[in-house]
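Read the structure below first, then the notes.
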Amino acid sequence: MTPHRHLIGQLVVLMAASALTAAPPDDLKRAGEGFEKAVTDAEGKLRASLTAAGEKAKDKAAKVKVAYQVEQFDKFRELPTCVPTKEYTRARDAAIKELASRYEPAVKSLRAKDPDGADELEGEYAALVKKARGFGLAVPDPSTNPVVVIRCKAGDGVLEAVDPKAAGSKVVVSKFARGRASQLWRVERGDGGFALRSAAGSGYLHVPAGSQTEGERLVLWDMETANANFSWKAEERLREVVLVSCFNELALTKKEITEKGQVGTYLVQDKKGKKKAPPEQVWTIEVQK
């Protein structure tokens with residue numbers, strides 16, 4: 001084979017590989033449209049069940065309960081408990097899986113050539129997922145109560161409960177140690193967001209005594225019913241999040257504090273960065289197998 005033909009052959013192989021790994025824009029558009037239709041159909045069936053449940057409710061309290069759950073689903077995509085949701089979640093999750101099979105290879109292929117373009121494409125993908133389930137790619141599904149590690153972008157430390165079994169325990173940011181139970185958290189549904197419970201105890205990450213103070217250290221506390229003091233919302237940036245209190249709008253922040261001559265790195269609440277969050281307020285939530 002001549003060198004010229006050899007180069008042509010290599011070019012054909014590269015073009016074929018590119019075609020396999022990067023979906024054309026029209027294919028992604030169709031995938032997005034198909035995804036939205038599948039989710040809309042699933043939501044329509046769930047809403048029909050909720051409407052029927054409201055009509056069958058025997059008293060005012062039952063009707064109010066159904067109406068509240070409809071409102072929570074519409075606002076946050078929080079799954080209702082007054083009707084079966086297995087069929088809905090199966091259809092929704094299947095649609096998300098199919099969408100991922102189209103978008104993720106395209107994002108990966110674009111990443112090496114055009115990082116900004118890849119971020120834009122991944123943002124489009126994340127927005128579709130968030131519209132369907134109330135959170136995007138950076139937060140795992142709270143309905144499955146996943147066990148996670150929460151890692152700070154500044155210095156790579158992770159959240160750790162000082163004493164997971166004690167009410168009022170402080171939370172520090174420390175070096176990750178595989179298998180250390182005090183660094184593991186369960187993600188659960190909260191009130192307008194999600195709650196973070198220590199996997200090594202019963203306490204939840206909590207704003208102490210309804211504090212509005214910037215720099216206040218956060219603690220663990222037992223939660224009888226979900227409320228805003230225990231709940232956090234994620235301001236997602238692709239695979240990263242700024243975690244903000246549903247109670248006071250202050251953000252989870254890594255901060256060094258000197259106490260009795262000793263320097264410790266604690267989790268506090270603080271005002272969000274105005275334009276861009278500092279790395280001390282940026283986190284990744286990593287599901288543990």
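Points to keep in mind about this one:
- Candidates in segment 101-139 are the residues that are under 30 Å from E71 (Cβ atoms) and in a loop (DSSP other than H, G, I, E, B); of these, the one that is farthest from the chain's Cα centre (by Cα) is G134.
- Leading residue by the ranking (surrounded by the fewest Cβ atoms within 10 Å (Cβ to Cβ)) among those in segment 179-202 that are part of a strand (DSSP E or B) and among the basic types (K, R): R186
- Among the candidates V172, V148, the residue that is assigned to a strand (DSSP E or B), assigned by TED's automatic domain parsing to the domain that holds P278, of a type outside the set (D, E) and farther than 30 Å from Y125 by Cβ is uniquely V172.
- Any hit, segment 64-86, residues being over 22 Å from N145 (Cα atoms), surrounded by 14 or more Cβ atoms within 10 Å (Cβ to Cβ) and not hydrophobic (A, V, I, L, M, F, W, C): yes
- Listed by position, the strands (runs of 3 or more DSSP E) contained in segment 203-289 that have at least 1 residues being of a type in the set (K, R) and buried (at least 19 other Cβ atoms within 10 Å of the Cβ) are 232-237, 251-259.
- Any hit, segment 219-229, residues being in the same structural domain as G168 (by TED's automatic domain parsing) and touching a residue at least 60 places away in the same chain (Cβ under 8 Å): no
- So P84, is it more than 24 Å from R197 (Cβ to Cβ) and at pLDDT below 95: no
The values are calculated or read from the model by the stated rules, or taken from the named source; none is laboratory data. Computed from a predicted model, the values in this text were never measured in an experiment. Neighbour counts are summed over all protein chains in view; Cβ atoms, including those assigned to glycine, are modelled from backbone coordinates with ideal geometry.
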